[in-house]
Amino acid sequence: GAFQQHAGLQILDVVDAVGAFVDIGVHQDGLVHVSQLADRFIKDAHEVVKAGDVVKVRVVDVDIKRKRIALSMRKDGGEGGASKGGGPRDNGGDRPVPRSSAPQRQPERPAQQGAFGAALADALKRK
């Protein structure tokens with residue numbers, strides 16, 4: 001892969017069957033899908049992470065058109081999705097992902113994003 005690993009990023013929100021939203025240092029949060037949280041099958045994201053956890057993630061996909069950044073915490077590469085435990089699951093296509101109803105606190109973003117943040121911001125600006 002052309003994508004790099006990044007450590008020390010903070011979990012912002014955890015949605016049970018969906019995954020965890022991660023602050024990656026740009027204006028768009030990344031999503032670690034529940035199938036990418038661990039090398040084993042998990043049903044609920046809360047089994048692995050909670051809001052405020054600091055994690056190491058790898059970018060697996062950047063969808064500029066839909067402004068989505070897919071991340072993985074798996075050690076095995078995480079390219080296969082939820083291959084263990086059944087066939088492909090329909091996650092609703094273009095439906096927006098529900099965020100928790102708890103009030104959202106947006107952490108202060110540092111002025112410097114570093115090379116990773118700058119590259120992602122640049123990629124998201126291009127259409």
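The values are calculated or read from the model by the stated rules, or taken from the named source; none is laboratory data. Keep in mind that what you see is a predicted model, and the values were worked out from it rather than measured. In this analysis, Cβ positions are derived from the backbone assuming ideal geometry, glycine residues included, and neighbour counts consider all displayed protein chains.
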Checklist line | Selection from segment 24-76 of residues that are small (Gly, Ala, Ser), within 18 Å of residue 7 (Cα to Cα) and in contact with a Gly (Cβ under 6 Å, 6 or more places away or on another chain) | finding: 25, 72
Item checked: Of residues in segment 4-58 being among the charged types (D, E, K, R) and in contact with a strand residue (DSSP E or B) (Cβ under 8 Å, 6 or more places away or on another chain), the one modelled with the lowest pLDDT -> 13
Notebook entry, point to check: Which of the residues spanning segment 23-48 are among the aliphatic types (A, V, I, L, M), part of a loop (DSSP other than H, G, I, E, B) and over 19 Å from residue 67 (Cβ atoms)?
Noted result: 37, 38, 42, 48
